[in-house]
Structure formats: structure tokens, C-alpha cells
Amino acid sequence: VEIYSLHVDCKVTSRFAHTVITSRIVNRANESREATFEVELPKTAFITNFSMSIDGEVYPGKIKEKAAAQNEYDSAVSQGQSAGLVKITDRKLEQFHVSLSIAAASKVTFELTYEELLKRQLGKYELLIKVRPKQLVKHFQIDVHIFEPQGIHFLETDSTFMTNELTEALTKEQNETKAHILFKPTLEQQKKNSELDETLLNGDFVVRYDVKREATAGDIQIVNGYFVHYFAPQEMPVFPKNVIFVIDRSGSMTGRKIEQTRDALLQILQDLRQEDHFSFITFNHKVVEWKSSLLPATEENVASAAALVQTLTASGGTDISGALLAAVGVLEKAEGLPERSVSMIILLTDGQPTSGERNVEVIQENVQKAINGKYALFCLGFGFDVSYKFLEKMALSNGGIARRIYENADAALQLQGFYQEVATPILMQIEMQYPENSIEGLTKNNFKLFFEGSEIIVSGKISNELDLLPVEIKAQSHTSNLTLKEEANVKEKEQVFQNQRYIFGNFIERLWAYLNIQQLLEKAISAQEEDQKALEAQALDLSLRYSFVTPLTSMVVTKPQQQEELANKPTEAG
């Protein structure tokens, strides 16, 4: 079975990426064989379409509500079918896998489409394309078109498998607002060596870029009555942080995990700013406060904390509740902290609560009551023995986020990377205001914290014939209270995208739907049961209307002989 053509076609328009992967396969044997289509796509993406065409006959995937799809599938399974098509493969990726039997000399074309909104992290957007054809491919190409009306500030490509020969197959063209990247290696360039038919193409192909920013109140773009507003202020004074690290040293952290935690903490201590205050709480079945109060991050205090970190060993149970409540206690009684500062708790744990309070609902409730909206809680779950659902709900209920740390060689780097994302808060209590009577379906428009290098995105539908869309941003910076104003000329903004040949029509409307679904699902995690159902119903409605495979929908893939398979969206919480 030969893959004679594999094309990755990606269009990024104003951070919204639309990727189509097309694989053409021929069975050159004189009997029927198994043809496989395997794609690794970013977890943040939603699949929107899939089809197979076998000798000219097309078999499209259909997106349905999960329960309805499951019923349909169950009846197919009773006739002897295989399992689901999508699984998480690594910390950034999930894998879509489908295979079918094709007759001798038959041809099959697989086509998968997915979309995602690129998220700015540490000052750049990253478009990740996983390349793993497992064989030499006669017609192989990756074709990326980027259009950013704000202007492209910088652009780089990076790959884990490049050689000097392969670099020759890579071309980049770029002007003020557009970039085109083409990677088209010949059969010879793909080979590991001239004798063997083994491919070099195995790994990540990454495009990183950032856009130019001039307007202080961000940038507004409008297409077909939908708007998106990007806000990422630069060069602002940084808020001092008051941060408590709450570190699990229970028995399960023994060995590699505690070593990686030590390495990461030593590096993070070096990254604290002089004006920050910090402390440590370590816990197993006992909770130990390093100091009873927060200390300024002077050289001396950092050195003393580093000495403590060096001695961290792991044994015993896990009292998550006691440790978090102790951290809140330290922040509550802290004195002499900078007047305008940001307080946060960073929890790292690798297990379930086994000591102290063990009921996760009770822990969530008590922690939320104690924090009472005053501090942000970030929860890092190390490995797969944690209850990620519990950590995620706790973080989202307290103005933070959760992240899984994968037990790989780079776990220390994952921990440091997470810290860097939250290390520089530059705005607090951000409110993005739009004319109430002329905007519908507004996505989240108030944010507790803004960290340097990230980006706030708000989208909505302009409901009546507005000529000008006025926006007002209110926020607190370290030195003052800000009010930023901007007016967008609707007709002018619509013009920007009119003559772009590779823009996929209503992309801002799809971006709006994508963002809405992501936020509704996130909100549902920390909501009460009745609200949860309403939020999920809204997200389901949007998922079906815009055909996205989300955790609430499934794609039913029908093969010849009426065989059916399901593609479900996996989540970190399983």
C-alpha cells in the first residue's frame, strides 16, 4: 500500500487556522490490503470535516450529538465494529486514526479538516504540524499561508527533523501582512540514506510568529457582521507578585518526579523579581510551612529557599486540603506587601487527596470559600494518577488555570514554562466594553489578570447597522487605573478582507463560534449542575451548527459495507 500524495494545506487568517490534510493511497498489491490514515492534530483544535473517497465514491463523516451518535454506533458495533478514532498522544497532540480494507489496484483519498484559534504564549503564536508519513511519499508538501492585517512582526520556522538537504525544500516568502511557507521535499531529499527507503520526515514542523501592535486599545477586525477584538498591551510596568508554591512531597513523588520538581523550582527561584514576595509550603500527610510569612525575593532569601528545595524528599500521604488552606492563611495574614500587587497560589501535586479531608467536593467548597475571589489558584497535575477534573474545577473556580505536567524527560521545562506564562502580570480587573444595544452573543469580556506575552480576545455579532463600533477598555495597571478608547469604522474594516483570495469566507463567525464553545465548556466545569446543563446545551447547539467535533459531539464515519466508527474529542480530564 503506497501513499503517493500527502498534502497539508493550512491557511491562517488573523490567528484563526484552517488546516486540510489530504492523503492519497493506492493498493499496488494483487489482493486487498489495509490502508491507514493517521493524523496527529493539536488538542486545541476541533475537527470540522472528514471524508474518504474510494474509487470515486465519497463517504463523508457526519457530526451528531454524542448520545445520538453512540446509539447509532452501538447498533453498528453489534455487527462487529472497531473502537473510537481519536486518542490523546502527548501533551500537545491527539491522534485521529482510521483504516479500511481496499481492493487490489484500488485508490482511496482521505481528507481531514480541523480549525483552531492560535493562542499567544510568551509573545508568539505557534502553528504545530506533526509530520509522520512512515514511508517515502512521491508528492509531499506542507503549504502554509498566513494573513495578518495588523502586519507580521516576525516569523520563523522550526523543525525537529531538518537536514541540510531538507532545508533546500523549504521556501518562505513574506511581505508586510502576508507570509507563504512551502515545504516540498523530493523523494531523494526524504531518504535517510540513498540505499534505504526510510524517511527522515518524522517529527514536528512548527511556524512561530507575532504581529505588529500599534493601537493602544487593541485591534478590531470585522467580517460579515461579526467582529473580533485583540488586546495585548506592551511595555507596561509589571505588578509585584506574592506567590506561594504548594509542593506535594508524598510517597508517589519519589524518584524522577521530585528531582524534576527540584530542578524546576531552583530555576523558578532565580526568575523571581526583587519586588516579588514568596513562600513555600510542602506537604505529604503533614503540612510544613517554610516560613510563617511571605518574604521579599532578595538574593539572601532566594538562596535560603534554594537550600530548602535541595533537601526535598518524598514519602507519606497527600493532604491537599490542609496545604491549600495553609497557603490561604499565609496570604491572609501577610503584612507589608506592595499595595498594588497580585497574589497567587501555585499547587503541584501528582495524586489524589489521601490524608486530611478526602472528599473532593468538600475540598473545592472550602478552598473557594477561603480564597473568596482574592487570590488566583493555579493547579499543576503531575502525571496520570491525579484527578485532573478536581484540579481543573478548583483552578477555574478561583481565577486560575490547570495544566497537566507529562512525565517526560522535559517535565522540569514544562513546569518552568508554566511559571513563565504567569510570571509577569501587567493588568488586573480588565473590562472590555461595547455598546450593549448593538452587540449580540458577546464572548467573555472581563478578565481578572493579564500576563505579558499573552492576548485577550473578545468576539461578538454586530446586531444593527452600526457605522462605528466604539470600544472602551478599563483596567488597573501597577501605576494607575486605565481607560482606553477606540472606534472602528465598520465599512473600512470589512474592506480589509474583501479581496484576499485565500480567506475562508465567514472566518470571524467561525472564530466566534470556536471561542464561544471553548469558553462555555470551561465555564461548565466550575458551574452548578443546572447551570452546567444550560451551558453545555448552548455549546452543543453551536458545535452542531458550525460542525465542530467537541467533547459534546461525535463524528460518525461510515465505511463501505455500512461499517461505522466514531470520532470523539478526548479531554485532558478523560
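The values are calculated or read from the model by the stated rules, or taken from the named source; none is laboratory data. None of the values given here were measured: they were computed from a predicted structure. Neighbour counts are summed over all protein chains in view; Cβ atoms, including those assigned to glycine, are modelled from backbone coordinates with ideal geometry. Note: areas computed on protein heavy atoms with side chains; ligands, DNA, RNA excluded. Shrake-Rupley method; radii C 1.70, N 1.55, O 1.52, S 1.80 Å.
Each other residue within a Cβ distance under 12 Å of T479 adds +1 if Lys or Arg and -1 if Asp or Glu, for a net charge of 0. Using only alpha carbons, segment 161-202 has a radius of gyration to Kirkwood radius ratio (Rg to Rh) of 1.12.
Of the trypsin sites (Lys or Arg not before Pro) found in segment 310-380, those that fall in a DSSP loop while having at most 10 other beta-carbon atoms within 10 Å are K333.
Using a simple spin-label model with pseudo-atoms 7 Å out from Cα toward Cβ, L166 and K369 lie 5.7 nm apart. Compute the Cα gyration tensor for segment 137-176, then decide on rounded, prolate or oblate, letting a ≥ b ≥ c be the square roots of its eigenvalues: rounded whenever a/c is under 1.5, prolate when a/b is larger than b/c in the other cases, and oblate in all that remain. Prolate is the answer for segment 137-176, as a/c is 1.5 or above and a/b outweighs b/c.
Annotation: per residue accessible area for the chain equals 44 Å², rounded to a whole number [probe 1.4 Å, protein chains only]. Applying 0.36 nm per residue to the separation of Y59 and K448 and subtracting their alpha-carbon distance, the gain on full extension is 135.4 nm. Applying a DSSP loop filter and a limit of 11 other Cβ atoms within 10 Å to the GluC sites (Glu not before Pro) in segment 294-360 leaves E335, E339.
Relative contact order of the chain: 17 percent, from C-alpha pairs under 8 Å at least 6 residues apart in sequence. Taking only the C-alpha atoms of segment 1-142, the Rg (one decimal) and the largest Cα-Cα distance, Dmax (whole number), read 16.6, 54 Å. Rounded to the nearest 0.05, the FRET efficiency derived from the C-beta distance between D410 and N30 at R0 = 45 Å is 0.45.
Each Cα pair under 8 Å and six or more residues apart adds its sequence gap; the mean of these over the residue count of segment 458-568 is a relative contact order of 14 percent. For segment 199-286, the equivalent ellipsoid derived from the alpha-carbon gyration tensor has semi-axes of 39, 25, 15 Å in decreasing order.
Calculated from DSSP H runs of 4 or more alone, at -39500 (n - 2.57) each and per residue, what is the 222 nm mean residue ellipticity of the chain, nearest 500? Using -39500 (n - 2.57) per qualifying helix, the result is -7500 deg cm²/dmol. Please identify which residues in segment 471-491 have an amide N closer than 13 Å to a label point set 7 Å out from the Cα of E275, following the Cα→Cβ vector. Residues 477-480 fall inside that zone. Of interest is the spacing of the C-alpha centroids, which for segment 168-194 and segment 559-574 amounts to 34 Å. Solvent-accessible area assigned to carbon and sulfur over the chain amounts to 45 percent, based on a 1.4 Å probe. Size of the chain: Rg and Dmax of its alpha carbons, in Å, are 25.5, 81.
Taking every DSSP bridge with both residues inside segment 286-414, close to 0 percent are antiparallel.
Please state the relative contact order of segment 1-130 as a whole percent: Cα pairs under 8 Å, 6+ residues apart? Computed value for segment 1-130: 40 percent relative contact order. By the gyration tensor of its Cα atoms, with a ≥ b ≥ c the square roots of the eigenvalues, what is the shape of segment 276-389: rounded for a/c under 1.5, prolate for a/b over b/c, or oblate? It is oblate, given that a/c is not under 1.5 and a/b is not larger than b/c.
Anisotropy class assigned to segment 126-192 is prolate, per the alpha carbon gyration tensor with a/c at or over the 1.5 cut-off and a/b larger than b/c.
Can you give the FRET efficiency for S463 and T483, using 1/(1 + (r/R0)^6), R0 = 25 Å, r = Cβ-Cβ distance, to the nearest 0.05? Given R0 = 25 Å and the Cβ-Cβ separation, E is 0.50.
Most tightly packed first, judged by the mean number of other beta-carbon atoms within 10 Å of their residues, the peptides 92-98, 515-521, 102-108 read 515-521, 92-98, 102-108. For segment 446-477, the set of GluC sites (Glu not before Pro) satisfying both a DSSP loop assignment and a count of at most 11 other C-beta atoms within 10 Å is given as E465.
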